[in-house]
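Below: one structure, written as structure tokens.
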Amino acid sequence: MGSKYKLLPHLAEAFADVGGNTALDAFSGSGVVSYLLKQQGYSVHSNDYLGFPGIVAQASVVNQTVKLTATDIARITGPAADDRDFIRRTFEGIYYTPGDLEFLDAAWSHIATMRGHKRNLAVASLCLAAARKQPRGVFTISGDLSHYDDGRRDLRMSLREHFVARAADYNAAVFKAGAGHEVTSVEVADLESRRYDVVYLDPPYAPPTDDNDYTKRFHFLEGLSRYWVGDTIMAQTKTHKLPKRVTKFSSKRTIEEGFRDLFKRFHDSTLVLSYSSNALPDRETLLGLLREFKDDVEVRVIPHTYHYGTHSTAERRKVDEYLFIGR
Ligand SMILES: C[S@@+](CC[C@H](N)C(=O)[O-])C[C@H]1O[C@@H](n2cnc3c(N)ncnc32)[C@H](O)[C@@H]1O
């Protein structure tokens, strides 16, 4: 999800330069940056307005000791505990094979009875399994996706096999460091104004054209993370999406105001902001906005290639990644 995985060494250096004990990752996404902050000894607050990044952060950052046992994994991948079939009925013919969809219902028949970090680990593993099997990892495309088939083994494995592998990955990621980690799932405008030693901001990039709606890209993972309980699916959409959520970061008309509000709210923390050279606002505008609240603003430029995109968007993929540090 626009993951900062490849930029982690640069982020680690920036966080080490800033130092301190408390950190906010305000747009946590895949959770890799929160996980890095935990490794660097920070007490981490992860936030994302989507729910599934919160579950991922619970499983891998807040959770310090709990793992799924072989028995847990065998139960989740074994026969269903009830006859639920919501996923099979709703997503038939859209993303996965009937067997894969049936597995997701069956897995949830067990996960629904689990609690705490075991449940967080199971849901995180299920979401990662579903993401890996989806070509390009985004749910804006459906139907016949054979032209996206690049021969990756990930696309051939069943979701059940994926789940077993991903659960092992999450188990291996569990470790103890720091204390007082927390997770919230709110729109950034609703985050409490608090002082942290580091506030890391990796907001959606507003491309000059197109939109940056994360619900559109990841609606399936969001629904899957709670078995669509409480959700209203847009039944008229081909891919059975969840409704978009409009915020100041959704449009280039309002994004500057979104940044200004955010910088103001966390003006007494050191701000570390990731942004891309092919998005709006541009570097000079962001510098100006940061200088409204910070005396000392540094920009580090990191050449970066995004890992998702088709040939037609290849142009867009070779961009510089900026790291603004405002003290
Ligand atoms: C660029 S991604 C973050 C990627 C993350 N740093 C990583 O390495 O995986 C932006 C994230 O912000 C979330 N998001 C978008 N608008 C938001 C808002 N207004 N409030 C909170 N989270 C938001 C999206 O769900 C998405 O996960």
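Since every read-out is calculated from the coordinates, none of them should be taken as a lab result. It should be emphasised that the depicted structure is a prediction, and the values quoted were computed from it without experimental measurement. Cβ sites come from the backbone with ideal geometry, for glycine too, and all protein chains shown count toward neighbours.
Side notes on the structure shown:
- Taking every C-alpha pair closer than 8 Å and separated by at least 6 residues, the mean separation divided by the residue count of the stretch 129-246 gives a relative contact order of 27 percent.
- When the square roots of the Cα gyration tensor eigenvalues are ordered a ≥ b ≥ c, the ratio a/c for the stretch 92-204 is 1.5 or more and a/b exceeds b/c, which makes its shape prolate.
- The residue list Phe259, His240, His219 was ranked by how far each Cα lies along the charge dipole of the stretch 216-266 toward its positive end, using unit charges on Cβ atoms, and Phe259 comes out on top.
- Beyond 25 Å in Cα-Cα separation lie the following of the pairs Lys4/Lys238; Lys67/Lys216; Lys252/Lys294: Lys4/Lys238; Lys67/Lys216.
- Shape category assigned to the stretch 155-212 from the gyration tensor of Cα positions, a/c cut at 1.5: oblate
- Positive-end residue of Ala130, Val61, Gln39, charge dipole of the stretch 29-158 with Cβ unit charges: Gln39
- Here the dipole of the chain is about 480 debye; that uses its Cα centre as origin and unit charges on the Cβ of Lys and Arg (positive) and Asp and Glu (negative).
- Paramagnetic label zone (point 7 Å from Cα along Cα-to-C-beta, Asp169; backbone N under 14 Å) in the stretch 109-135: 122-135
- C-alpha center-to-center spacing [the stretch 217-249, the stretch 5-49] in angstrom: 27
- Globularity ratio of the chain, using Cα Rg and 2.2 N^0.38 Å: 1.00
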